[in-house]
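Student: This is the structure, below, for whatever I ask next.
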Amino acid sequence: MNKFKEGFLWGGGLAAHQCEGAYNIGGKGLSIADVKNVEVNGVAREYTDGLLDGVYYPSHDAIDFYHNYKEDLALFHEMGFKCLRTSIAWTRIYPNGDELEPNAEGLQFYREFFEECKRLNIELIITLFHADTPFYMYKTYGSWSNKKYIECFERYAKTVISEYKGLVKYWLTFNEINGLPYLPGQSLNSVRDNKSDLYQAAHNQLVCSAIAVKYAHEIDKDCKVGCMLLYPTAYAYSCSPEDNFELMKFKQGMNFFADCHVHGKYTPNMLKILENANAKIEVTEEEKEILLAGKVDYIAFSYYNSTVRGSSPEQLKATGGNIIRGIKNPYLPSTSWGWQIDPIGLRIGLNELYDKYQLPLMIVENGLGAEDVVNENGEIIDDYRIDYLRQHISAIGDAICEDGVDVIAYTSWGPIDIVSAGTGQMSKRYGYIYVDRDNEGNGTMKRSKKKSFDWYKHVIETNGREL
């Protein structure tokens with residue numbers, strides 16, 4: 001029996017700052033991603049105050065998707081992609097972020113890129129903001145807690161939504177918006193210890209999201225706009241009431257943003273979270289009206305691993321994961337980066353989100369980061385990646401068929417090797433397509449198919465019947 005309905009959107013997901021390169025070409029301005037270095041010998045990535053001599057910035061070239069997108073899209077088309085999730089770089093459209101007129105070269109680049117997708121019958125799922133705040137905006141206006149960001153983002157969002165009407169059917173507003181309280185420096189958007197600043201930044205992004213949703217609905221009745229969440233399924237460390245209470249509070253915090261996206265207002269629980277954090281934020285009556293008018297059509301989320309929560313700090317044995325850290329789960333295997341592999345957790349997460357919000361779901365990030373080796377025959381035999389993806393896609397099928405969850409798309413993360421957001425390295429590879437590029441920026445950029453390329457092609461051909 002086919003667990004995936006006809007028209008299911010199979011594809012892959014990218015982010016502009018991790019693939020495009022061409023950081024100073026075509027009128028593009030600097031984003032904060034362009035001033036973030038690479039992890040070296042275990043020393044974590046850092047943002048630098050502008051571009052420094054002798055520092056390697058991996059986003060500057062990335063995999064040069066900017067100049068190679070037609071070749072890469074042809075490979076995606078060969079795999080049978082029904083959709084592609086990627087982002088628009090704000091600083092290609094407004095180089096400083098606060099200009100009054102857009103950059104024509106940036107608009108033209110994305111038009112040609114998107115038209116090529118249309119020619120190949122690849123549906124676009126476009127993220128408006130993916131962790132690339134304009135550097136000038138940050139230096140001039142500070143964090144996202146400054147309401148100046150609302151004015152500038154509104155101009156940017158309305159520009160691209162109107163420009164690409166008819167080319168983009170699915171929009172996403174902010175990537176992993178609910179990751180902000182856990183890693184507020186992800187977009188240099190707030191200061192961790194200042195809860196008022198952090199939640200004001202969160203509010204401003206929620207307003208920006210609602211503005212984009214409202215405007216898109218007004219000008220294009222055929223498009224759909226969703227939010228995008230970080231959603232690691234979470235388990236209690238034990239059956240003790242204390243551990244389960246901690247788990248409940250963790251889930252409430254994770255759902256803070258989704259509650260507003262879906263309900264169009266601050267729910268009682270959201271207000272209590274602000275009160276308990278002693279966070280004082282400015283919310284105008286006009287902004288309340290915007291939130292109510294900008295409710296999302298669907299929910300997209302990333303899922304790589306699950307996490308475990310407990311009430312006692314002594315229990316904590318931090319394990320790796322996508323932003324969220326937790327207690328190591330003894331029942332699960334781990335990747336080389338310590339991310340625990342839990343396909344059933346994806347099924348649980350799908351059920352939780354659908355039960356709570358009753359909106360269509362997209363999994364727009366899911367995949368295995370691994371060090372791939374090119375053998376003596378020039379092949380990359382990535383059976384470990386195939387196994388990971390097979391288990392997770394099977395779990396999605398079970399959630400659809402056996403649990404009644406409405407899932408409309410699956411875009412595995414990094415269908416072509418890209419710069420890691422966490423480390424800035426190329427050695428942490430996710431793709432079906434290998435890119436000859438190393439952690440120091442050396443290599444030919446040549447694209448090569450991995451074993452998983454043909455495997456995923458067959459998955460799409462059979463609409464998930466054969467994994």
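The values are calculated or read from the model by the stated rules, or taken from the named source; none is laboratory data. What you see is a predicted model; the values in this text were computed from it and never measured. Here the Cβ is made from the backbone with ideal geometry for all residues, glycine too, and neighbour counts use every protein chain on show.
Student: Answer yes or no as to whether VAL374 is over 29 Å from TYR170 (Cα atoms), modelled with pLDDT of 95 or more and touching a strand residue (DSSP E or B) at 6+ places or on another chain (Cβ under 9 Å). Even if it seems obvious, please write down each step before you answer.
Tutor: Numbers: over 29 Å from TYR170 (Cα atoms): yes; modelled with pLDDT of 95 or more: yes; touching a strand residue (DSSP E or B) at 6+ places or on another chain (Cβ under 9 Å): yes.
Here the answer is yes, as VAL374 does meet what is asked.
Student: Please go through the stretch 53-109 and pick out each residue that is of a type in the set (Ser, Thr, Tyr) and under 30 Å from GLU6 (Cβ atoms). If you could, list the steps in order and put the result at the bottom.
Tutor: Of all residues in the stretch 53-109, those of a type in the set (Ser, Thr, Tyr) come to 56-57, 59, 66, 69, 86-87, 91, 94.
TYR69, THR86, SER87 - these are the residues of the stretch 53-109 that are of a type in the set (Ser, Thr, Tyr) and under 30 Å from GLU6 (Cβ atoms).
Student: Name the residues in the stretch 423-464 that are touching an Asp or Glu at 6+ places or on another chain (Cβ under 8 Å), part of a loop (DSSP other than H, G, I, E, B) and of a type outside the set (Ser, Thr, Tyr), would you?
Tutor: Pass one, the stretch 423-464, residues touching an Asp or Glu at 6+ places or on another chain (Cβ under 8 Å): 423-431, 433-435, 437, 441, 443-448, 450-452, 457-459, 463.
Now drop any that are not part of a loop (DSSP other than H, G, I, E, B), which leaves 423-428, 430-431, 437, 441, 443-446, 450, 463.
Across the stretch 423-464, the qualifying residues are GLY424, GLN425, MET426, LYS428, GLY431, ARG437, GLY441, GLY443, MET445, LYS446, LYS450, ASN463.
Student: Separate question: What is the residue count in the stretch 287-323 for residues that are modelled with pLDDT under 80 and assigned to a loop (DSSP other than H, G, I, E, B)? It would help to see each step written out before you state the result.
Tutor: Within the stretch 287-323, the first condition is being modelled with pLDDT under 80, and the residues that meet it are 312-323.
Retained after the next criterion (residues that are assigned to a loop (DSSP other than H, G, I, E, B)): 312, 316-317, 321-323.
The qualifying residues number 6.
Student: Within the stretch 395-449, count every residue that is polar (S, T, N, Q), within 17 Å of the chain's Cα centre (by Cα) and surrounded by fewer than 20 Cβ atoms within 10 Å (Cβ to Cβ).
Tutor: Restricting attention to the stretch 395-449, the residues satisfying the condition of being polar (S, T, N, Q) are 411-412, 420, 423, 425, 427, 439, 442, 444, 448.
Pick out the ones that are also within 17 Å of the chain's Cα centre (by Cα) and you get 411-412, 420, 423.
Okay, now just the ones that are also surrounded by fewer than 20 Cβ atoms within 10 Å (Cβ to Cβ), so 423.
Within the stretch 395-449, residues that are polar (S, T, N, Q), within 17 Å of the chain's Cα centre (by Cα) and surrounded by fewer than 20 Cβ atoms within 10 Å (Cβ to Cβ) number 1.
Student: Any idea how many residues of the stretch 357-388 are surrounded by fewer than 21 Cβ atoms within 10 Å (Cβ to Cβ), out of contact with any Lys or Arg (no Cβ under 8 Å at 6 or more places or on another chain) and over 17 Å from ILE408 (Cα atoms)?
Tutor: 8
Student: Next question, about the same structure. Answer yes if at least one residue in the stretch 165-172 is among the β-branched types (Val, Ile, Thr) and touching a residue at least 60 places away in the same chain (Cβ under 8 Å), and no otherwise.
Tutor: Step one: filter the stretch 165-172 for residues among the β-branched types (Val, Ile, Thr), giving 168.
Next cut, touching a residue at least 60 places away in the same chain (Cβ under 8 Å) only: none.
No, that holds for no residue.
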